[in-house]
Amino acid sequence: MKLYNYFRSSAAYRVRIALNMKGIKPENVFVHLQKSEQLAAGYLQINPQGLVPTLVDGDEVITQSLAIIEYLDETHPVPPLLPATPAERARVRSIALAIACDIHPIDNLRVLKYLTGVLKVSEEQKNAWYAHWVREGLSALETRLAADARTGRCCHGDSPTLADICLIPQLANARRVTLDLAVFPTLLRIEEACNALPAFADAAPARQPDAA
C-alpha cells in the first residue's frame, strides 16, 4: 500500500489518522504542494485532479480522503470508523461531510492561491476570507454537537469515528490564522480527547517526515 501524502494537507491528515487507527503502515510518497509537485505530469497520471491524498493498494488507485477512509474501513474493519446503526452512521457522515464538503474546500491551498495570485486580494483579505468561513462552519458544528446527547468524549459517543477524523485536522488548520477557538469549547474538548490517542497524535503535521 502506498500513500501520496503532504504533511500540511488536512485531507491527507485524515487518512493518516485512519491508517494509524487500523494499524496500517503504507509506503509514503511525499508530494510538496507549495512546490507544485502535485502538478507534475507523473503525479497527474496517478491523480488527474492534482490533489492529495491518493492511496494505491495493489491495482486500486483511490482518491478523495473520505472515499479512502471508507475503503480502509471496509477492507480492515477493526476498529470500525462508523457506528452500528443506519441512523448513527448517517449522523457521523453528516458531521464529517459538513467539514469535508462545506468548510475545507473553500479554504484549501489552491483556493487561497487563486485569491491572492489571480484575484489579487491582499494577504489580510485572504486571511479574513479563511477566518470567516472556518468560523461559520465551526460555529454550526459547536452548536450541533453541544446540543446532542449522542456527543460524548468524541463527536459520536466515546470512541473516535469518521467525524473526529475530519474534525481534528480542520481545527489544526484553523490555527493558521487569528481565530478565537475558545468559543468552541465542545470542539476543543473533543480535540483534546482525540489528540491524547496515539493514532491522532502520530498523524499530526509536525510529526511527519516531510515537515522538516
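Please state which of the following conditions residue 202 fails to meet, knowing it meets all the rest: (1) more than 21 Å from residue 4 (Cα to Cα); (2) charged (D, E, K, R); (3) modelled with pLDDT of 95 or more.
The failed condition is (1).
Being assigned to a loop (DSSP other than H, G, I, E, B) and either not assigned by TED's automatic domain parsing to the domain that holds residue 22 or not polar (S, T, N, Q) (or both), is that true of even one residue in the range 131-147?
So in the range 131-147, the residues assigned to a loop (DSSP other than H, G, I, E, B) come out as 147.
Keeping just the survivors that are either not assigned by TED's automatic domain parsing to the domain that holds residue 22 or not polar (S, T, N, Q) (or both) gives 147.
The answer is yes; a qualifying residue exists.
Would you list the helices (runs of 4 or more DSSP H) that sit entirely within the range 151-212 and hold 3 or more residues that are buried (at least 16 other Cβ atoms within 10 Å of the Cβ)?
Values: elements: 162-174, 185-195, 198-201.
So the answer is 162-174, 185-195.
Checking residue 127 against (1) modelled with pLDDT under 95; (2) under 18 Å from residue 188 (Cα atoms): exactly one of these is not met. Which one?
Checking residue 127 against (1) modelled with pLDDT under 95; (2) under 18 Å from residue 188 (Cα atoms), the one that fails is (2).
Any residue in the range 73-86 that is in contact with a Leu (Cβ under 8 Å, 6 or more places away or on another chain) and of a type in the set (Val, Ile, Thr)? Give the derivation first.
Going residue by residue through the range 73-86, those that are in contact with a Leu (Cβ under 8 Å, 6 or more places away or on another chain) are 73, 81-82.
Going one step further and asking which of them are of a type in the set (Val, Ile, Thr), we end up with none.
No, there is no match, as no residue in the range 73-86 is in contact with a Leu (Cβ under 8 Å, 6 or more places away or on another chain) and of a type in the set (Val, Ile, Thr).
Inside the range 92-136, can you point out the residues that are small (Gly, Ala, Ser), surrounded by fewer than 17 Cβ atoms within 10 Å (Cβ to Cβ) and under 20 Å from the mean Cα position of the chain (by Cα)? Lay out the reasoning, then the answer.
Applying the first criterion (small (Gly, Ala, Ser)) to the range 92-136 yields 94, 96, 98, 100, 117, 122, 128, 131.
Add one more test, that the residue is surrounded by fewer than 17 Cβ atoms within 10 Å (Cβ to Cβ), and what stays is 94, 117, 122, 128.
Within the range 92-136, just 94 meets the criteria.
For the range 62-91, enumerate the residues that are assigned to a helix (DSSP H, G or I) and either of a type in the set (Asp, Glu) or over 14 Å from the mean Cα position of the chain (by Cα) (or both). I'd like the intermediate steps shown before the answer.
Going residue by residue through the range 62-91, those that are assigned to a helix (DSSP H, G or I) are 65-75, 86-91.
70, 71, 72, 73, 74, 75, 86, 87, 88, 89, 90, 91 - these are the residues of the range 62-91 that are assigned to a helix (DSSP H, G or I) and either of a type in the set (Asp, Glu) or over 14 Å from the mean Cα position of the chain (by Cα) (or both).
With free of Cβ contacts under 8 Å to residues at least 40 places away in the same chain and in a helix (DSSP H, G or I) as the only criterion, which of 111, 121 stands out? Steps first, please.
Numbers: 121 fails: in a helix (DSSP H, G or I).
Among 111, 121, only 111 is free of Cβ contacts under 8 Å to residues at least 40 places away in the same chain and in a helix (DSSP H, G or I).
Identify, by number, the condition in (1) of a type in the set (Val, Ile, Thr); (2) surrounded by 14 or more Cβ atoms within 10 Å (Cβ to Cβ); (3) more than 18 Å from residue 3 (Cα to Cα) that residue 68 doesn't meet.
Condition (3) is where residue 68 drops out.
The values are calculated or read from the model by the stated rules, or taken from the named source; none is laboratory data. Everything numeric in this text was worked out from a predicted model, so none of it was measured. Please note: Cβ atoms are built from the backbone with ideal geometry, for glycine as well, and neighbour counts cover all protein chains shown.
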